[in-house]
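Data first, discussion second: the structure below is written as structure tokens.
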Amino acid sequence: MMGLEEYKYKDLIHRCFRCGYCKFPTDWSDVTNCPAYARFRMESYSNGGRLWLIYAWLTGEIQWSENLSKILYSCTSCKNCVEKCPLSFNDDIVNMVVAAKSQMVETGKVPPLVRKFLQNVQVQGNPYGIDANKRADWMNGLELQPYQGQDYLYYVGCEGAYDTRAQGAARATARVLQDAGVSFGVLGVDECCDGNEVDMLGEEALLEDLATKNIDQFSKRGVKNIVTLSPHAYNVFKNKYPAFGGHFNVLHYTQVFADLIKTGKLKGPEQQGVRITFHDPCFLGRWNGEYNAPRKVIGAVKGANFTEMERNKKGALCCGGGAGNFFTDFLGGSGESPARIRAREAGDVKADILAVACPNCLTMLDDAVKAEGLDNRIKVMDISELLCPA
Ligand code: SF4
Ligand code: SF4
């Protein structure tokens, strides 16, 4: 049985004094900016409560239970709590949850859906458990080149490769890059899971395996610049791979698009009078501070009116899909699921289009808009699809 001694943050975790600030939004007006707390409205689902439960578990005051593991795994790693916690250790409060998840992984005591996710990645290289040989199906009909020294490797990721809705964004991104004359190649069936969610689920050994395998493959092929469809891949390549020896210039596709717009190589389509709002993905925004590039790209759509939702940028509400929750869905099944709250917020600003820049957000919010009965009013579109209407 692992305990407090093996816990990386054993000297820090007791310093949370349960003020509860970590679940608030930017203007402190309501108590719902932690997506897990918004869904369940119990302190144990906010980070203050969760950290105290972890401490009690590690010191043997409470026993492991399936409920405890679900509470840990309901944290989407959205980092709202990092923004709001007033203490000097705030940078580490999501890491503390991830480290506790790691101890659950070590003891084999994770929820069955988390186990399934990790097993699928181990066996097929993707969380869905779909045959790895189907990884290139998303590009059927597109004339894409395998990566062989072009300027960019376009890394699509598991959602873009396998999820039928996210495949639309993967294809649109490729078409925009092609039309703008960008030199890029893809890995097709040789692509493998990037490991960001594996990391957030606490499976350190599997992250190391994936990172080592990917770095080896990228290096052998001479990759220097990577453009990713997903902010999750962008995050892990940029912030975690250097520790495994992988040093690449990593960009999210909205950053590449924004640059292409600036240099006149990419022009936005006409969308006269259409009202667009944007949902910030946590792994682009709070994790990496990129709020401008997606807004610059949306700004290139001619004739459209851009409107912010009340919660935006650092204060955006997570869609609930991070840290593997797009698969495990521990926050689903209710009108108070964060994705459904977010769909209603897009309705509140009378958006015709809810734009996203992440395949996880795309699938979560597409489903949520339907569940809210708003799909006759609001279209959920990836920014790549906005630039490249089907
Ligand atoms: S994590 Fe920080 S903000 Fe949250 S309850 Fe603890 S001390 Fe307060
Ligand atoms: S990372 Fe997000 S979901 Fe997790 S506790 Fe913090 S605010 Fe809540």
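The values are calculated or read from the model by the stated rules, or taken from the named source; none is laboratory data. What you are looking at is a predicted structure, and each value in this text was computed from that prediction instead of being measured. Because the Cβ atoms are built from the backbone with ideal geometry, glycine has one as well, and the counts that use them run over all protein chains shown.
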Taking the residues in segment 18-37 that are within 13 Å of ligand 1 (Cβ to nearest atom) and part of a loop (DSSP other than H, G, I, E, B) as candidates, determine which candidate is surrounded by the most Cβ atoms within 10 Å (Cβ to Cβ). 34
Considering only residues of segment 38-63 that are within 13 Å of ligand 2 (Cβ to nearest atom) and assigned to a loop (DSSP other than H, G, I, E, B), which is farthest from residue 334 (Cα to Cα)? 46
Could you look through segment 1-17, keep only residues that are more than 12 Å from ligand 1 (Cβ to nearest atom) and assigned to a helix (DSSP H, G or I), and pick out the one that is surrounded by the fewest Cβ atoms within 10 Å (Cβ to Cβ)? 5
Selection from segment 81-121 of residues away from ligand 1 (no atom under 16 Å from the Cβ) and among the charged types (D, E, K, R) yields 101, 106, 109, 115, 116
Taking first residues from segment 206-225 that are free of Cβ contacts under 8 Å to residues at least 24 places away in the same chain and second residues anywhere that are among the hydrophobic types (A, V, I, L, M, F, W, C) and not in a helix (DSSP H, G or I), the pairs with Cβ under 9 Å that are 6 or more apart or on different chains are 213/192
On the basis of being under 19 Å from the mean Cα position of the chain (by Cα), within 14 Å of ligand 2 (Cβ to nearest atom), closer than 30 Å to residue 310 by Cα and of a type in the set (Ser, Thr, Tyr), does residue 74 make the cut? yes
When residues of segment 112-131 are filtered for being surrounded by fewer than 18 Cβ atoms within 10 Å (Cβ to Cβ) and part of a helix (DSSP H, G or I), how many remain? 7
For residue 79, indicate whether it is within 16 Å of ligand 2 (Cβ to nearest atom), farther than 26 Å from residue 2 by Cα, at pLDDT 95 or above and assigned by TED's automatic domain parsing to the domain that holds residue 25. yes
What single numbered condition from (1) assigned to a loop (DSSP other than H, G, I, E, B); (2) near ligand 2 (Cβ under 10 Å from one of its atoms) fails to hold for residue 97? (1)
When restricted to 158, 193, the only residue in a loop (DSSP other than H, G, I, E, B) and outside the structural domain of residue 364 (by TED's automatic domain parsing) is 193
Return the residues of segment 310-352 that are of a type in the set (Lys, Arg), in a helix (DSSP H, G or I) and touching a Lys or Arg at 6+ places or on another chain (Cβ under 7 Å); say none if nothing qualifies. 314
Residue 311 meets each of (1) modelled with pLDDT under 95; (2) more than 22 Å from residue 284 (Cα to Cα) with one exception, condition (2)
Picked from segment 330-369 (must be in contact (Cβ under 8 Å) with a residue 60 or more places away in the chain and among the basic types (Lys, Arg)), the residue surrounded by the fewest Cβ atoms within 10 Å (Cβ to Cβ) is 350
Check off (1) in contact with a Leu (Cβ under 6 Å, 6 or more places away or on another chain); (2) modelled with pLDDT of 95 or more for residue 116 and give me the number that stays unchecked. (1)
Given the conditions (1) over 16 Å from residue 9 (Cβ atoms); (2) in contact with a Gly (Cβ under 8 Å, 6 or more places away or on another chain), which single one is not true for residue 70? (2)
Could you figure out which of (1) in contact with a strand residue (DSSP E or B) (Cβ under 6 Å, 6 or more places away or on another chain); (2) in a helix (DSSP H, G or I); (3) free of Cβ contacts under 8 Å to residues at least 60 places away in the same chain isn't true of residue 185? (2)
First in segment 128-145 and more than 19 Å from residue 177 (Cβ to Cβ), second anywhere and at pLDDT 95 or above and among the basic types (Lys, Arg), Cβ under 8 Å, 6 or more apart: 129/116
Check 163, 179, 194 and return the single one that is under 25 Å from residue 322 (Cα atoms) and touching a residue at least 60 places away in the same chain (Cβ under 8 Å). 163
Closer than 20 Å to residue 331 by Cα and within 14 Å of ligand 1 (Cβ to nearest atom) - does that describe any residue in segment 64-74? no
Select, from 278, 326, 257, the only residue that is modelled with pLDDT under 95 and either hydrophobic (A, V, I, L, M, F, W, C) or over 17 Å from the mean Cα position of the chain (by Cα) (or both). 326
